[in-house]
Each structure stands twice: as structure tokens, then as C-alpha cells.
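What follows is a set of notes on a single structure, which appears directly below.
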Amino acid sequence: MKRDLTLQIFSGGFEGQSASFEQVRDKLEAALPLIPASRVIMGWSVHPEVYQKTARYLSDRGIEFYLWLPVFSETGLTETCAPIVGHTGKAAQSYHLSEGENFTFYCPHHPQNVRAALNVFRRHFASHGFDGVFLDKIRYPSFVNGLDGGLSCFCPHCLDTYEREGLDIDALKKRIRRLAAVDTPFGATAYQDSVYTFGDELWTQFFALKSRLVFDSLGVICAELRNMGYRIGMDVFAPFISAFVGQDIPKLSALCDFVKPMMYRATHAPAGLPFELEALLRETGVSKDGRHAFSALLGLDPESDPFDPAFAARDLDALVRSCACSVYAGLEFNRKPGIAEVDPAYIRETLSAYSGSAGFVFSWDLLDAPMENIRAVGEWICSD
């Protein structure tokens, strides 16, 4: 079966050094004979030479080139941004993963932050030969950023919007203070086709409003990028987590050419399925019995390590059925000790589990992918 294949490259953060074109070229020369990619995503250092040379290299080979652009995180390093505010009135905490990526989030609803993302693109990237833009960090923080991050935003701009939309802010804050009294996160009673049912309508209203506000902001950004002639991809969470960070993925799919759900089964860092699930359960104070109840509600084997492939496959397949654009499963094939212990056996198992996807994005950094993992991808593709 022919699938659409994408390679993803982290060139460095907004501050500090960038990967060199020679590093990028040499790794592409090693990978492309094994993984016939139709697209390369790279970002987000602000050093132009690596993009300009890579753009020519890929154009000569008929391969699309997308900029990897963080939208509501990291941008505060180059622009003045309005912060995320939690229910306690404090700014949400950051999560430092590696040099160049701090997971400091800014309010996705604030017009200042929409302008900031577009300003970053125009100032640093618009003239480097990209065919498209791959939008990342298009969400509220998850519970990796603490309870105040996961249940944001309560900045003045958001509070005004909540009041206009009829969201009872005082009642919401009371619910937050009583979270540990419910058996599952937010009293979820069902999960079907990537949609939660909550016993309390206030949670339904809150999460739906967050998703709508993210959609509205991205509508502005995508319209600007379309007017400039760019194709658009989106980095999104796995469906069972996306509802809590303001991502209605089927709705967002109408704005872009493809979505890449980050189905990272072996990653113990932001977007990793086991990592995000643990943060959700920990920060919402779910008891041991509640954890078992939530696993049963999802149909998830909590003992599976790496994260349950059967559940992840079902979650992905439900998304494929509901999206208006192509869905390319994102899986890690780099190796980071203590964070992503990825080997060929894991890659084969995960590719097979995600075979319902129209394509794959090999993430999140080709430069850190060992050749045995690259060969494992190539061998699976040849046998598919």
C-alpha cells in the first residue's frame, strides 16, 4: 500500500545554534533511499542559511518543504506575548524538555499572541523557500504544565469571553477545587469515537469553549498563510488527550491540508501518550480506583508498556474517520535516552498498529534517529 511519508527535523530553537545544512543533507542522504518521503518538516531556529540550502536541495528532488512553527509556545522568546493565567491567578508553569524548547505557553485566545505568531513567520521565515507551514503548539497547555496550565486560561481577555458566552466562572472555580472528589477526570462517563461525555454539563461547556477559541485563532492564522500561498499542516495531540487542551481535531482539519496526531507510545515527555495520561491523572487527583475506572472507560490496558498499541490504533482510526483532511500518524523514531527509548521492534509494532493511517510523520527529529531505526522504517514500508 502506498502511503504518504514525511520526515521531521528539529534545527534548533529560537535562541542558540542551528543545525548546519551539511548535517541536514547528510542525514537526508542516508534516509531518503530507505524512506521515500514526499515532504520534510523543519524548524525552528532563525538561521536562514540552513533553510535556503535545504529548500534548493529538496526542490531538486521534488520534495515539499514545510516550516515547523511553534504558535502559542516558544514565541515569547522573540515577541511580546500575553501569558497563560491559571484559575489561581498565577501564570502557568513551564516544562523544560531540551535546549531550545521550554513549553512556556501563551494564551491561544489573545489577539496579541495571534499577531506574534504571524510576526515571527514574516520576520524570520517568509523568504526562505518553504512550500508550507506546519503549525505546532496550537493549544492550551496540558497538565504537564500543572493544574493551572491544564485548566487555563483565566486571563482578563478570557474571563471577558467566558462571561459573554454564559460560562459561570465562580462555579467553574468551585468545580476545580473539588476535582479530587470525582471518580474519573472531570467525572467523564463515556468515551466514544474520540468524544468524551461528562456527567457535569459545566465541563462540557468549558472544554467546548476552549476548543472553539483555539479554532477561531487558528482560523485567522491559516487565512493569512493561505493568502500568502502556503499549504498548512497541524501538529495535534492524540484524540483522547486533545479534548483537554482545546483541540477539536475534526473541526481543525477543515483549516489545513493534513493533521499529524502525535501518537507517541514510547515518549516520556510532552505529547507522549503515557506521559500526558499520567499528568492528567496526577494533576486532577484521581484515586487508584479512579485510574482503573478511567482505563476501563477508555478500553485501555494500563499495564501495557509501551503504551497500549490496540487502544492507540482505535483512537487514531476514529480520528481518520472524522477528519476532513489527510491524517498522517506521528510516531517517534529518534532515540533519546530516558525520554524515547525507541528501537526497531517498537517501530515495527507501532507502524503495524497505525496501518489505518494514510501516511506517517517520522518524528520528532531525523537528526537524532539512529540508522537501525531508519532501516526498520524502510523495511516495514517495503513489506507493507
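The values are calculated or read from the model by the stated rules, or taken from the named source; none is laboratory data. Just so you know, these numbers come straight off a predicted model, no measurement behind them. Ideal geometry is used to build each Cβ from the backbone, glycine not excepted, and the neighbour counts take in all protein chains shown.
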| query | Looking only at region 18-46, which residues are farther than 21 Å from Gly378 by Cα and under 24 Å from the mean Cα position of the chain (by Cα)? | reply | Ser18, Ala19, Gly43, Trp44, Ser45, Val46
| task | Working carefully through the options Ser322, Ser357, find the one that is crowded, with 22+ Cβ neighbours inside 10 Å and either closer than 23 Å to Tyr196 by Cα or of a type in the set (A, V, I, L, M, F, W, C) (or both). | result | Ser357
| said: I need the full set of residues from region 1-15 which are not hydrophobic (A, V, I, L, M, F, W, C) and not in a loop (DSSP other than H, G, I, E, B), in order please. | reply: Asp4, Thr6, Gln8
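Quick check on region 358-369. Is at least one of its residues acidic (Asp, Glu), in a helix (DSSP H, G or I) and either in contact with a Leu (Cβ under 9 Å, 6 or more places away or on another chain) or more than 23 Å from Tyr191 (Cβ to Cβ) (or both)? Write out each step before concluding.
Pass one, region 358-369, residues acidic (Asp, Glu): 365, 368.
Restricting the remaining residues to those that are in a helix (DSSP H, G or I) gives 368.
Filter once more, keeping what is either in contact with a Leu (Cβ under 9 Å, 6 or more places away or on another chain) or more than 23 Å from Tyr191 (Cβ to Cβ) (or both): 368.
Yes: one or more hits.
Among the candidates Asp131, Asp148, Asp136, which residue alone is within 17 Å of Met42 (Cα to Cα) and more than 19 Å from the chain's Cα centre (by Cα)? Steps first, answer last, please.
Numbers: Asp148 fails: within 17 Å of Met42 (Cα to Cα); Asp136 fails: more than 19 Å from the chain's Cα centre (by Cα).
Asp131 is the lone residue from the list that is within 17 Å of Met42 (Cα to Cα) and more than 19 Å from the chain's Cα centre (by Cα).
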| field | Whichever residue in region 244-253 is crowded, with 24+ Cβ neighbours inside 10 Å and under 12 Å from the mean Cα position of the chain (by Cα) and, among such residues, is farthest from Trp364 (Cα to Cα) | value | Gly246
| said: So if I check each of Ser94, Ser142, which one is among the hydroxyl-bearing types (Ser, Thr, Tyr), touching a Phe, Trp or Tyr at 6+ places or on another chain (Cβ under 8 Å) and crowded, with 21+ Cβ neighbours inside 10 Å? | reply: Ser142
| field | Residue that is surrounded by the fewest Cβ atoms within 10 Å (Cβ to Cβ), among those in region 69-78 that are at pLDDT below 95 and in a loop (DSSP other than H, G, I, E, B) | value | Thr78
| query | Quick one: in region 1-17, which of the residues that are touching a residue at least 24 places away in the same chain (Cβ under 8 Å) and surrounded by fewer than 14 Cβ atoms within 10 Å (Cβ to Cβ) is nearest to the chain's Cα centre (by Cα)? | reply | Glu15
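Is it the case, given these coordinates, that Ile232 is over 27 Å from Ala181 (Cα atoms), among the aliphatic types (A, V, I, L, M) and surrounded by fewer than 21 Cβ atoms within 10 Å (Cβ to Cβ)? Quick ask: steps written out before the conclusion?
Values: over 27 Å from Ala181 (Cα atoms): yes; among the aliphatic types (A, V, I, L, M): yes; surrounded by fewer than 21 Cβ atoms within 10 Å (Cβ to Cβ): yes.
Spelling it out, Ile232 is indeed over 27 Å from Ala181 (Cα atoms), among the aliphatic types (A, V, I, L, M) and surrounded by fewer than 21 Cβ atoms within 10 Å (Cβ to Cβ).
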| Subset of region 121-144 (residues that are in contact (Cβ under 8 Å) with a residue 60 or more places away in the chain and in a helix (DSSP H, G or I)) | Phe121, His124, Phe143, Val144
| request: Output yes when any residue across region 58-68 is assigned to a helix (DSSP H, G or I) and modelled with pLDDT of 95 or more, and no when none is. | output: yes
| task | Within region 124-138, count every residue that is on the phi > 0 side of the Ramachandran plot and crowded, with 21+ Cβ neighbours inside 10 Å. | result | 1
| note | Here the residues within region 181-201 that are assigned to a loop (DSSP other than H, G, I, E, B) and in contact with a Ser or Thr (Cβ under 6 Å, 6 or more places away or on another chain) are Gly199
| field | Some residue of region 27-42 being over 27 Å from Ser355 (Cα atoms), of a type outside the set (Gly, Ala, Ser) and either out of contact with any strand residue (DSSP E or B) (no Cβ under 9 Å at 6 or more places or on another chain) or surrounded by fewer than 20 Cβ atoms within 10 Å (Cβ to Cβ) (or both) | value | no
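Which one of Ser352, Ser363, Ser357 is out of contact with any strand residue (DSSP E or B) (no Cβ under 7 Å at 6 or more places or on another chain) and not acidic (Asp, Glu)?
On the way: Ser363 fails: out of contact with any strand residue (DSSP E or B) (no Cβ under 7 Å at 6 or more places or on another chain); Ser357 fails: out of contact with any strand residue (DSSP E or B) (no Cβ under 7 Å at 6 or more places or on another chain).
Matching residue, one of Ser352, Ser363, Ser357: Ser352.
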| said: Looking only at residues that are within 19 Å of Ile339 (Cβ to Cβ) and touching a residue at least 60 places away in the same chain (Cβ under 8 Å) in region 281-314, which one is surrounded by the fewest Cβ atoms within 10 Å (Cβ to Cβ)? | reply: Arg282
| request: Could you tell me whether any residue of region 16-38 is in a strand (DSSP E or B) and either on the phi > 0 side of the Ramachandran plot or of a type outside the set (Phe, Trp, Tyr) (or both)? | output: no
| message | Can you pull out every residue in region 254-280 that is in a loop (DSSP other than H, G, I, E, B) and either crowded, with 24+ Cβ neighbours inside 10 Å or touching a strand residue (DSSP E or B) at 6+ places or on another chain (Cβ under 6 Å) (or both)? | response | Cys256, Asp257, Met263, Arg265, Ala266, Ala271
| query | Hey, among the residues in region 325-342 that are closer than 12 Å to Thr267 by Cβ and small (Gly, Ala, Ser), which one's surrounded by the fewest Cβ atoms within 10 Å (Cβ to Cβ)? | reply | Gly338
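For region 198-209, enumerate the residues that are in contact with a helix residue (DSSP H, G or I) (Cβ under 8 Å, 6 or more places away or on another chain) and of a type outside the set (Asp, Glu).
Initial filter on region 198-209 (in contact with a helix residue (DSSP H, G or I) (Cβ under 8 Å, 6 or more places away or on another chain)): 198-200, 202-203, 206-207, 209.
Selection gives Phe198, Gly199, Leu202, Trp203, Phe206, Phe207, Leu209.
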